[in-house]
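The values are calculated or read from the model by the stated rules, or taken from the named source; none is laboratory data. The shown structure was predicted, so the numbers you read here are calculated from the model rather than taken from an experiment. Heads up, the Cβs are rebuilt from the backbone with ideal geometry, glycines too, and the neighbour counts pull from every protein chain shown.
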């Protein structure tokens, strides 16, 4: 038997905090050493923080990482464990996103990332250079390139994040070159359901390459990104370890590398492919390390889960997949708010303007959960009450209903928060008169303008509060309403951080229903009983002014996510909603596209928004659409939309 103990560490880092990041890595490395690990994986870019974006163009930032990498090696010189950490390395005019292999005070080698993502939220190809097959450079006398590391227990390979998601990554050639253990250090953001995809891909890579695959992921929030952490260990396709997510820490397991070797010998297909590679494949460079690794004599053979080598473990209560997804979404949003507040270090509290509606309620609950995790981390060493960190405001007008008033008051009482009530009618009347005076010939204000005035008064007051109190103003609009411009620039589109702007309305409602089930708050039930609407006019309901939210969200997914044409969206809707009139659905599909296209200029002005799904409305990172565009390409065959309207009409709904 060749028993090894591997560890995966999820660490929450901050971009630029090179000293603090190194201290966190060192502390976790020492904990893993006490557990007797042979080799441990830390996240991608753990020293400099991820994603560094254009900050890597500041050479002192890159040099600081080099300094901290050497300091990390020095501080861990007494540790027997092999440590793999992520860092940026500069060689001449090239910057590389590297995995550094550190052992007993030495930096043995640096392996650069080869697959640099430039899709969705990623821009690594903008600043980093790619590694490649056979690459061999040197950084301060240390080899950098396509490397493997023979140790006394077996041969190790390392790689960075995206390299494992591609079947054409470097793992295959390094395994054919002798690597039995592959460590992948990652910074893979959370998206709903993504952990299932990760498990499937990692199991496939481990099985295809007949290797022990160790995967470690970053945890915590950074700007709008949320990293859910966790890690996995697969041996030849079989899961050995799944580490907890959404928290810092580490997990370990023991594996027998003789099993990996035996399965390679038995797999004639793997052996023949390996033979072919060795005849014509590129050279992978071994980096010899003669220093003895951790003592493995006390390791014991890993017992199978459930106690049987022939039967699976007894069934575990895995719960409802929908509830699991909603619970994880709640934790991801809360983690994003918590770390934005904590890591920026410029806010003293956070605030939410409540309307008594669904969106502001969910934003409040996310902030409340974030604050519950913040209190123990008070820099003064004392827990502060939730009410000291989280402020709530209710600014009613003559259109606010008793139902939403009661819902807002009830949830604040249940959460132990003071609700500051500050009516806006007097200010509203003044602004209406002022706006009229600015119009020629005594013109009257239209319905949309008087609605927007109310929203802008509330937005302005929240900014005034944020300035005066040092508070983080949390914006409350959801993805569905944002997509079609059912928001007000200068009003409810305002804020410093947008919490649920990438959460569709149907998911907002489902998550509130789940939170009511979990926590039993009466305020949630009261809110869900009220009709959804902005209450900027009498008896105003959002679905009457827009369309049913299930239809709207389907349009959003089909058009913005699946990139279907308006006509294709209409046909898909007819299949998805067979009980609805196809002609009505077709009009709604084309109306959605008009509203979406003509609202881009609005949502590009919205605050930084947490990324929690595969589809995000964020022109900077995710959905890069021209603000100025024409929809003639969507008029299939030059035909007009079913309602006979011009596809370039301005938004039809209220700009609230």
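Being surrounded by 16 or more Cβ atoms within 10 Å (Cβ to Cβ) and over 14 Å from residue 498 (Cβ atoms) is the filter here, so list the residues in the stretch 610-622 that pass it. 615, the sole residue that qualifies.
The conditions of being buried (at least 18 other Cβ atoms within 10 Å of the Cβ), touching a helix residue (DSSP H, G or I) at 6+ places or on another chain (Cβ under 6 Å) and part of a helix (DSSP H, G or I) are not met by residue 198. Annotation for the stretch 236-254: no member residue is crowded, with 21+ Cβ neighbours inside 10 Å, under 30 Å from residue 280 (Cα atoms) and under 28 Å from the mean Cα position of the chain (by Cα).
Note on the stretch 382-404: among residues that are out of contact with any strand residue (DSSP E or B) (no Cβ under 7 Å at 6 or more places or on another chain), part of a helix (DSSP H, G or I) and in contact (Cβ under 8 Å) with a residue 40 or more places away in the chain, the one that is surrounded by the most Cβ atoms within 10 Å (Cβ to Cβ) is 404. Taken as a whole, the structure leaves residue 535 outside the set of residues that are free of Cβ contacts under 8 Å to residues at least 24 places away in the same chain and either outside any helix (DSSP H, G or I) or within 18 Å of residue 399 (Cα to Cα) (or both). Screening the candidates 81, 64 for the property of being farther than 26 Å from residue 222 by Cα, touching a helix residue (DSSP H, G or I) at 6+ places or on another chain (Cβ under 6 Å), in contact (Cβ under 8 Å) with a residue 24 or more places away in the chain and assigned by TED's automatic domain parsing to the domain that holds residue 161 yields one hit, 81.
Considering only the stretch 158-192, state which residues are assigned to a loop (DSSP other than H, G, I, E, B) and within 15 Å of residue 99 (Cβ to Cβ). 161, 169, 170, 179, 187, 188, listed by residue number.
Whether any residue in the stretch 457-468 is assigned by TED's automatic domain parsing to the domain that holds residue 357, in contact with a helix residue (DSSP H, G or I) (Cβ under 8 Å, 6 or more places away or on another chain) and not in a helix (DSSP H, G or I) is what I want to check. No, the stretch 457-468 contains no residue that is assigned by TED's automatic domain parsing to the domain that holds residue 357, in contact with a helix residue (DSSP H, G or I) (Cβ under 8 Å, 6 or more places away or on another chain) and not in a helix (DSSP H, G or I). All of (1) under 20 Å from residue 154 (Cα atoms); (2) crowded, with 16+ Cβ neighbours inside 10 Å hold for residue 290 with one exception: (2).
Each row is one residue, and each column tells you yes or no for (1) without any contact (Cβ under 8 Å) to a residue 12 or more places away in the chain; (2) farther than 19 Å from residue 260 by Cα; (3) in contact with a helix residue (DSSP H, G or I) (Cβ under 6 Å, 6 or more places away or on another chain).
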{"residue": "155", "(1), (2), (3)": "no, no, no"}
{"residue": "178", "(1), (2), (3)": "no, no, no"}
{"residue": "185", "(1), (2), (3)": "no, yes, no"}
{"residue": "202", "(1), (2), (3)": "no, no, no"}
{"residue": "232", "(1), (2), (3)": "no, no, yes"}
